[in-house]
Amino acid sequence: MNKEIALADLAAARRLHEKVEMLRPDVIGLCQELIRMPSEDPGGDTCSVCSHLEQLLRSSGAEVQVIAAEKKKPNLVATFDFGAGGSHVVLNGHMETLPIGDLTRWKHPPLEGKIDSGRIYGRGVRCMKGGIAAAAQAALGVARAGHSNRGRITLMFVSDEVNGGELGTKYVLERLPDLRPDAVLVAESNSGIAIGHKGALFVRVRTVGEGGHGAYSFSRRSANGQMADLLQELRRLELIETPESSDLRSLLAKNRGYIDARNGNGTADNVCRCSMNVGVLRGGSKVNVIAEECSAEVDIRIPPEVPSSRVLDALEKVCARHEGASFEVLWLNEATLSPIEHPWIRCLQAHSRLSHGAELPLGYTNGFTDARFFQLSGIPAAAVGIDGAGIGAPDEYLEIESLIAAMKLFASSSAQFAGNGPKEKN
């Protein structure tokens with residue numbers, strides 16, 4: 001498949017976009033309905049969201065399965081089969097949201113799905129009920145348009161992504177090995193077409209002290225003091241970077257303006273270096289007592305082309321320099337990257353010119369999505385999100401026109417690739 005859409009495919013994509021445009025009220029309405037179904041994590045009960053989507057998709061002719069590792073965290077798999085041959089495209093998204101937080105900080109009620117000035121507001125609207133709504137309506141649009149080529153489009157709506165995906169995408173892929181797709185689109189992210197993820201290393205660091213009265217801190221070792229010194233030294237991990245020779249550096253430099261405008265200044269450059277966040281810190285028992293124990297839970301993001309072993313070695317050396325210090329790995333995921341020139345990635349870029357009015361640039365995300373599970377298995381995967389702001393913050397919102405553009409992109413790219421995409425060995 002050439003990067004440019006063939007003339008016949010171009011005409012078909014435009015016709016499909018016209019038909020999908022008619023689903024504007026449906027995708028907006030579905031997005032609002034999903035927002036009104038609480039699915040906050042911690043807790044992570046997605047049963048109402050899953051049941052609503054299951055009913056919608058079953059009634060539209062999809063072959064639907066619901067599987068769950070935990071009853072309150074189901075996963076929905078719905079397939080539209082257009083005939084033998086072709087390729088299999090998966091549209092993936094997660095049904096749980098981040099917590100609502102302090103209600104008094106919200107101008108718009110977090111579970112209302114209010115529309116104001118071309119935006120939909122609500123907890124999880126960008127992460128990622130808007131993406132789920134766009135993916136579902138895109139697949140329905142392809143099916144209703146009478147897509148008659150070949151191949152399959154599967155919707156995979158999962159739970160547990162915000163906790164690492166063990167009970168969600170990973171569980172589904174392990175239980176349904178025959179589901180293995182040829183290409184994957186995750187309806188998340190906001191850096192154009194995100195084709196890779198930084199690695200993530202979550203660790204718990206511990207230090208020990210000798211205890212005693214706070215007035216005699218000069219004579220006894222404090223676990224809290226040890227931890228403060230250790231964490232300061234651990235900041236040196238942020239000097240670890242992707243090699244200067246990496247092709248990814250050139251790609252990010254080319255798209256720096258786009259990426260930073262949507263995610264904050266410095267985002268593109270930070271992809272290529274380690275970052276560290278101390279998320280949890282616990283130590284001591286009383287203000288005038290020398291702390292005997294201290295622990296810190298640290299989130300370290302690892303840049304592409306840097307193995308986690310290099311970071312773990314550095315962490316071991318830091319702990320060795322502090323008496324009694326130790327660490328344990330809570331969670332580890334290597335950095336991932338889909339091939340830049342893969343036909344699926346080129347297909348997404350080409351169709352984005354039609355859906356968004358300009359080609360979406362390729363990017364790489366500092367966070368992670370479930371695309372990594374597919375990439376680690378050699379399956380090309382990308383994440384494409386919807387413009388907006390406030391993920392995890394009060395008054396989270398998405399732009400309605402971006403929602404419509406995403407629905408069109410999901411529909412035409414998956415329809416073309418399913419019907420015409422090469423069946424490559426993974």
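Only the coordinates and a few stated rules stand behind these numbers; no lab work does. All values derive from a computational prediction rather than experimental measurement. Neighbour counts are summed over all protein chains in view; Cβ atoms, including those assigned to glycine, are modelled from backbone coordinates with ideal geometry.
Can you give the percent of C-alpha pairs in the chain whose distance is more than 28 Å?
On the way: 46398 of 90525 pairs.
Above the 28 Å cut-off, the chain has 51 percent of its Cα pairs.
Need one word for segment 360-426: rounded, prolate or oblate. Basis is the Cα gyration tensor (sqrt eigenvalues a ≥ b ≥ c); a/c below 1.5 gives rounded, then a/b vs b/c decides.
Oblate shape, in that a/c is at least 1.5 and b/c is the bigger or equal ratio.
Apply the Debye scattering formula to segment 218-328, with a single equal point scatterer on each alpha-carbon and no solvent, then give log10 I(q)/I(0) at q = 0.17, 0.20 Å⁻¹.
These q points yield log10 I(q)/I(0) values of -0.86, -1.04.
So what is Rg over Rh here for segment 248-297, counting just Cα atoms and using Kirkwood for Rh?
Using only Cα positions, Rg/Rh for segment 248-297 is 1.37.
With runs of 4+ DSSP H residues as the only contributors, calculate the mean residue ellipticity of the chain at 222 nm using -39,500 (n - 2.57) per run, divided by the residue total and rounded to the nearest 500. Let's see the in-between values first.
Working: 13 runs with 146 residues, N = 426.
That calculation yields -10500 deg cm²/dmol at 222 nm.
With a cap of 15 neighbouring Cβ atoms within 10 Å, and only residues DSSP puts in a loop, list the trypsin sites (Lys or Arg not before Pro) found in segment 279-364.
Listed in order of number, the matching sites are 286, 321.
Would you please classify the overall shape of segment 284-426 from the alpha carbon gyration tensor, given that a ≥ b ≥ c denote the square roots of the eigenvalues, rounded means a/c under 1.5, and beyond that prolate means a/b larger than b/c while oblate covers the rest?
Details: a/c = 3.95, a/b = 1.91, b/c = 2.07.
Oblate is the answer for segment 284-426, as a/c is 1.5 or above yet b/c matches or exceeds a/b.
Reachable aspartates and glutamates from residue 408, Cα under 20 Å, same-chain residues fewer than 8 places away excluded?
Reachable aspartates and glutamates: 4, 9, 18, 21, 26, 81, 188, 359, 387, 399.
Identify the trypsin sites (Lys or Arg not before Pro) of segment 53-162 meeting these criteria: DSSP loop state and at most 10 other C-beta atoms within 10 Å of the C-beta.
Counting only loop positions with at most 10 other Cβ atoms within 10 Å, the trypsin sites (Lys or Arg not before Pro) in segment 53-162 are 71, 107.
Which value, in debye to the nearest 20, gives the size of the charge dipole of segment 164-308 about its Cα centre, when Lys and Arg are +1 and Asp and Glu are -1 at the Cβ? Walk me through the numbers on the way to the answer.
Values: 18 positive and 19 negative charges, 62 e Å.
That gives a dipole near 300 debye.
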